[in-house]
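Everything on this sheet refers to the single structure shown next.
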Amino acid sequence: MNETIALIFIVVGITFDLFGCIGLVRMPDIYNRLQASTKCVTLGTCGILFGVLIKFGFSAAGVKALLCIIFLLLTAPVSAHALARATHRSGVKLWDKSVCDKYKDDKDALS
Amino acid sequence: MPGASWGFKKMYSKVVTFFVSFLIWTLLCFSLDWQHILIGGLVSSVVALMMGDMFTDYPKKWFHPRRYGWFIYYILVFAWECFKSNIDVASRVLHPRLPINPGIVKVKTCLKTETGLTFLANFITLTPGTLSVDVDPENGYLYIHWIDVKAQGLEEASKIIISKFEKISKEVFE
């Protein structure tokens, strides 16, 4: 029974990882690509690790998987945040059909 | 005496750092062998002595049980929102016409501490269709890339994106 549930989690995780990769190819600009890759890949990888936790229970391997989930959830958004900020600061434009860019407006107002 | 209270606070924060790093070490080793505990204690003491002041600004917050209760609620809300956001983004990615309507909006938050702002920004990044780009801690503004812009104004956007998480983050981290 545990094996089946663990396998379901791992398969769902791999599927979300795949969606993240498809999003990386299909999205038009870097900010949307970051959205797709951060969200889907974070949940996908967490799903795989959670499956490992269910399979091994609270043993040495399972607890390491749990710690990996925690560190992944703490660090993945931070790296996405740093990438987005650095990209915007180095002057990469948003997609043509974007609705608004309040960040650029505020920076222009300051300078 | 400001000097004495400052030293006390520093010692507190070193103790907190020691216990957190020792706990993580024990979980990673996952054995209660005396050799592991000895090495873990030594390494955690060195880390606490060197980095103790950087880890936490307000060490007394670690001793409030109410915060832990709110933290569990935070994790549950977080997991649910994270799941919803993944369904949302995956459906957009797989949709043949790619239904996105992106833009960067500005929202206002009332959180002040660095920890609170960090966790709010992380929460925003992992919830439906939003990604924090930059933060202006002096005025409490966050710039957020939104994959499907529903409102451009400051108040409306703040209400839609952060009003719910802000309250929980405030209870846990401020």
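Contact order, relative form, for region A:2-110: 27 percent (alpha carbon pairs under 8 Å, 6 or more residues apart, mean separation divided by residue count). What the Cβ-Cβ distance of B:Glu156 and B:Phe30 gives, at R0 = 45 Å and to the nearest 0.05, is a FRET efficiency of 0.40.
Computed from the Cβ-Cβ distance with R0 of 35 Å, the FRET efficiency linking B:Leu98 to A:Leu74 stands at 0.70.
For chain B, what is the mean residue ellipticity at 222 nm derived from helices alone (per DSSP H run of n ≥ 4: -39500 (n - 2.57); sum divided by total residues; nearest 500 deg cm²/dmol)?
On the way: 6 runs with 111 residues, N = 174.
Estimated from H runs of four or more residues: -21500 deg cm²/dmol.
Mind checking region B:101-171 for GluC sites (Glu not before Pro) that DSSP puts in a loop (not H, G, I, E or B) and that have at most 12 other Cβ atoms within 10 Å? Show your work: numbers first, answer last.
On the way: sites: B:Glu114, B:Glu138, B:Glu155, B:Glu156, B:Glu166, B:Glu171; in loops: B:Glu138.
Here the sparse-neighbourhood loop sites are B:Glu138.
Quick one: P(r) of chain B from all Cα-Cα pairs, 10 Å bins, percents rounded to integers, in order of increasing distance. The calculated distribution, bin by bin, is 9, 27, 28, 21, 12, 3, 0.
Once Rg and the Kirkwood radius are both taken over the C-alpha atoms of region A:8-111, their ratio Rg/Rh works out to 1.13. Projecting the Cα atoms of B:Phe63, B:Tyr141, A:Gly20 onto the charge dipole of the protein assembly as shown (Cβ charges, centred on the Cα centre) puts B:Phe63 farthest toward the positive pole.
The distance between label points at A:Phe56 and B:Ser91 comes to 3.6 nm (points 7 Å beyond Cα on the Cα→Cβ vector). Work out how much length B:Tyr68 to B:Asp136 would gain on full extension: take 0.36 nm times their residue separation and subtract the Cα-Cα distance, in nm to one decimal. Full extension from B:Tyr68 to B:Asp136 adds 21.7 nm. The distance linking region A:53-111 with region B:14-35 is 29 Å (Cα centroid to Cα centroid, whole angstrom).
The modelled label-to-label distance for the pair B:Leu38/A:Thr15, using points 7 Å beyond Cα in the direction of Cβ, is 5.2 nm.
The mean sequence separation of alpha-carbon pairs under 8 Å and at least six residues apart, normalised by the residue count of region B:65-173, gives a relative contact order of 36 percent.
Rounded to 0.05, the FRET efficiency of the A:Leu7 and B:Lys10 pair, given R0 = 51 Å and the Cβ-Cβ distance, is 0.55. The simple spin-label model puts a point 7 Å past each Cα toward its Cβ; for A:Leu24 and B:Asp148 those points are separated by 2.4 nm.
Readers should treat all values here as calculations from the given coordinates under stated rules, not as data from a laboratory. A quick note: this is a predicted structure, and the numbers were derived from the prediction, not measured. Glycine also receives a Cβ, built like all others from the backbone with ideal geometry; neighbour counts cover every protein chain displayed.
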